[in-house]
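Each remark here refers to the structure printed beneath this line.
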Amino acid sequence: EFIDSYYYNKLEYTRFSSSVGKFVGFTEYGVKNAEYWNNDASFLSAMKAQKEAYCLNHVPGYYRAALTKS
């Protein structure tokens, strides 16, 4: 799962989760940002592609490293 969180003053206001497939806002400002970003199809598809670009390429290496330490 790919999660991209946005914080201000240690308070999370918006999060993108690849399992949900969209942005979710946690504050008034975060909800406005989430609505704006969810309506931008190109930005939303770019965030969905981050799971494949980052997670799927790095998980096997992290998994092997975790297995050798246990």
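Accessible area of residue 32, 1.4 Å probe, to the nearest 10 Å²?
120
Could you tell me how many degrees, from 0 to 90 and to the nearest 10, lie between the Cα long axis of helix 41-50 and the main elongation axis, the longest principal axis, of the Cα atoms of the chain?
Approximately 20 degrees, to the nearest ten.
How many Å² of accessible area per residue for the chain, probe 1.4 Å?
It amounts to 76 Å² per residue over the chain.
For residue 53 and residue 11 in the same chain, what is the full-extension length gain: residue separation times 0.36 nm, less their Cα-Cα distance, in nm?
Working: separation 42, 0.36 × 42 = 15.12 nm, distance 2.74 nm.
Stretched out fully, the residue 53 to residue 11 stretch lengthens by 12.4 nm.
Can you give the angle from 0 to 90° between the axis of helix 56-69 and the longest principal axis of the chain, with both taken from C-alpha atoms, to the nearest 10?
It works out to around 50 degrees.
Which percent of the accessible heavy-atom area of region 3-68 goes to carbon and sulfur, probe 1.4 angstrom?
57
Compute the acute angle (0 to 90°) between the alpha-carbon long axis of helix 28-38 and the principal axis of greatest extent of the alpha-carbon atoms of the chain; round to the nearest 10°.
70
For 5, 17, 42, give me the order by solvent-accessible area with a 1.4 Å probe, most accessible first, ignoring ligands, DNA and RNA.
The residues order as 42, 5, 17, largest area first.
Suppose every K and R has +1 on its Cβ and every D and E has -1 on its Cβ; what is the size of the dipole of the chain about the Cα centre, in Debye to the nearest 20?
The dipole of the chain has a size of about 300 debye.
For the full complex of protein chains and a 1.4 angstrom probe, list 64, 15 by accessible area with the highest value first.
64, 15
The values are calculated or read from the model by the stated rules, or taken from the named source; none is laboratory data. Quick caveat, the model's predicted, so the values are computed rather than measured. All Cβ positions, even for glycine, are placed from backbone atoms using ideal geometry, and neighbour counts span all protein chains on display. Keep in mind that these areas ignore ligands, DNA and RNA; they rest on the heavy atoms of the full protein, side chains included. Shrake-Rupley method; radii C 1.70, N 1.55, O 1.52, S 1.80 Å.
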